[in-house]
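Working notes for the structure below.
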Amino acid sequence: MAGDRPSLLIMSFSPLVSDARVLRQIRLFQEQEYAVTTLGYGPAPEGVVEHLRLPDEAISWHKDRRMLILRRFATAYSTSPVVAAATRLLEGCQGQYDVVLADDIDTLPLALDLVPRGGVHADLHEYHPRQNEELRRWRLFVAPYYWWLVRTYGPRADSVTTVGRGIAREYEREFGLTCGVVMNAPYRRDDLAPTEVAWPPRLVHAGNGVATRLEVMLEAMALVTNGATLDLYLIDQGDGYVPSLRERFAGSDRVRIHDAVPAAEVVETLNAYDVGVYSLPPISFNFRWALPNKFFDFVQARLALVIGPSPEMAGLVEEHDLGVVAQDFTPEGFAAAINALSPEGVAAAKAAGDRSARVLCAEEQVHGWAEPVATLAARAQA
């Protein structure tokens, strides 16, 4: 205990100050008067009582390839650079914390080794055993390792959450894990309202500049007949794709490529548009069941939505009357959904988004972390 506050360690093998989900956890538990310590990459998040900084050179995904091939998974885990670095940082910390919140399966064995007084909560951001299954080498060498991690350590967590219902069902089906769901929704933006609908409609997308996430939408724009324009705010991945898009659409009056805006400015930037668009072909299990930050950014920006038929996103669009779901993941299907828009329909969907923004927000979602962690903290004090 730090004074009379429960002590909580939040662990993530990510740069914490740019990890939106982990930052929501940190903010939540600071507001609930936990003494929060963090372990992760980069500088300390604001307000934590202590930060255990992982060295930048300890690359999180590096593992001994020979150990993976030999299926010596325990050795592959313990000798990975990030686990070795974290182990050093955590030396002498056994029994020191009331609760440990382990983000992603990679941190869970370390969290369990700390033997916190109340227990361990695991927050799984993906369905890890099939995370990159579209890549053959990953399926052959890395997937078995993650199956082992989840099978061995998942059931030992005292409570578990994940990002969507489809992924939660799969964890239960394959591993018997009962997972709560905390969707990746940002904090509510009560300062924003739907803007007046322009016609032709102004479409927008913000995110990573990756072909698998953009090409359906880009090819659809050549088939759109209602004059809609598409603005993209893209994070350049350094592989030449975003520069190629700038060249490809130079001078286009239909598609405009912009630099990414800072995360804190994304929702406000989107608010100037009419329709948020996203089509994510289901090339992997996690793509099929994706429910990404950008979906909720569109809602907080009070936009209408045009979405590919991904089950989680489509279900929320239909439940809250947020816009149109394309029939399939083809450019033709996405263009048809855009062409089906009308000024009245877009205005109605933006109004529905305004209502839904009060529900599809972090303030509502974080209860899924607050309650199980409070249970563990109470156990520590018993």
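The values are calculated or read from the model by the stated rules, or taken from the named source; none is laboratory data. None of the values given here were measured: they were computed from a predicted structure. Using ideal geometry, Cβ is built from the backbone for each residue, glycine included, and neighbour counts are taken over all protein chains shown. Areas reflect the complete protein model, heavy atoms only, side chains present, ligands, DNA and RNA absent. Shrake-Rupley method; radii C 1.70, N 1.55, O 1.52, S 1.80 Å.
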Report summary line: Residue by residue through the range 276-292, the couplings from Karplus 6.51 cos²θ - 1.76 cosθ + 1.60 with θ = phi - 60°, in Hz, x for Gly and Pro, are x, 10, 6, 10, 10, x, x, 7, 8, 4, 5, 5, 4, 9, 5, 9, x
**Report entry** the range 153-219 - accessible surface per residue (Å², probe 1.4 Å)
**Finding:** 43
Report summary line: Spelling it out for Ser14: with amide H atoms placed in the peptide plane at 1.01 Å from N, the residues 5 or more places away or on another chain with amide H under 5 Å from its amide H are Tyr41
Query raised in the report: By how many nm would the segment from Ala193 to His258 lengthen if fully extended, with 0.36 nm per residue of separation less the alpha-carbon distance?
Result: 21.0 nm
Query raised in the report: For q = 0.17, 0.18, 0.20, 0.26 Å⁻¹, what log10 I(q)/I(0) does the range 1-64 give under the Debye formula with an equal point scatterer on each alpha carbon and no solvent?
Result: -0.56, -0.61, -0.72, -1.08
Report summary line: Listed by chain and number, the residues whose amide H is under 5 Å from that of Ile235, excluding neighbours fewer than 5 places away on the same chain and using placed H, are Gly207, Asn208, Gly209
Query - Per-residue HN-Hα couplings for the range 44-53 [Karplus 6.51, -1.76, 1.60; θ = phi - 60°; Hz; x = Gly/Pro] - result: 5, x, 4, x, 6, 7, 7, 10, 9, 8
Query - Relative contact order for the chain, counting Cα pairs under 8 Å that sit 6 or more residues apart, in percent - result: 15
Requested in this report: Quick one: what are the phi-derived ³J(HN,Hα) couplings along the range 80-92, Karplus 6.51/-1.76/1.60 with θ = phi - 60°, whole Hz, x for glycine and proline?
Outcome: 5, x, 6, 5, 4, 5, 5, 4, 5, 5, 9, 4, x
**Report entry** Nearest-0.05 FRET efficiency for Arg5 and Thr225, computed from C-beta distance (R0 51 Å)
**Finding:** 0.25
Query raised in the report: Label Ala250 and Ala374 with points 7 Å out from Cα along Cα→Cβ: what is the distance between them in nm?
Result: 5.8
Query - Antiparallel content of DSSP bridges confined to the range 1-144, in %, to 5 - result: 5
Query raised in the report: Most mobile of Leu16, Leu192, Leu101 per a Gaussian network model of the chain (Cα springs, under 10 Å)?
Result: Leu192
Requested in this report: Assign one of three labels to the range 244-304, namely rounded, prolate or oblate, based on the Cα gyration tensor with a ≥ b ≥ c the square roots of its eigenvalues; rounded applies when a/c is under 1.5, prolate when it is not and a/b is larger than b/c, and oblate otherwise.
Outcome: oblate
Report task. Rank Tyr241, Tyr187, Tyr77 by mean-square fluctuation in a GNM of the chain with C-alpha springs under 10 angstrom and give only the top-ranked residue. Result -> Tyr241
Query raised in the report: GNM on the chain, C-alpha springs below 10 Å: top fluctuator among His51, His121, His258?
Result: His258
Requested in this report: Would you please classify the overall shape of the range 67-144 from the alpha carbon gyration tensor, given that a ≥ b ≥ c denote the square roots of the eigenvalues, rounded means a/c under 1.5, and beyond that prolate means a/b larger than b/c while oblate covers the rest?
Outcome: oblate
Report task. Run the accessible area of the chain with a 1.4 Å probe and give the carbon-and-sulfur part as a rounded percent. Result -> 51
Report task. Over all alpha-carbon pairs in the range 179-317, figure out the percentage whose distance exceeds 20 Å. Result -> 47
Report task. Grab the DSSP H runs of the chain that are 4 residues or longer, score each as -39,500 (n - 2.57), total them, divide by all residues and round the 222 nm result to the nearest 500 deg cm²/dmol. Result -> -11000 deg cm²/dmol
Requested in this report: Determine the sum of side-chain charges near Leu322: Lys and Arg each +1, Asp and Glu each -1, restricted to other residues whose C-beta is under 14 angstrom from that of Leu322.
Outcome: -2
Report summary line: Net charge (Lys, Arg +1; Asp, Glu -1) of residues whose beta-carbon lies under 15 Å from that of Pro6, Pro6 excluded, is -4
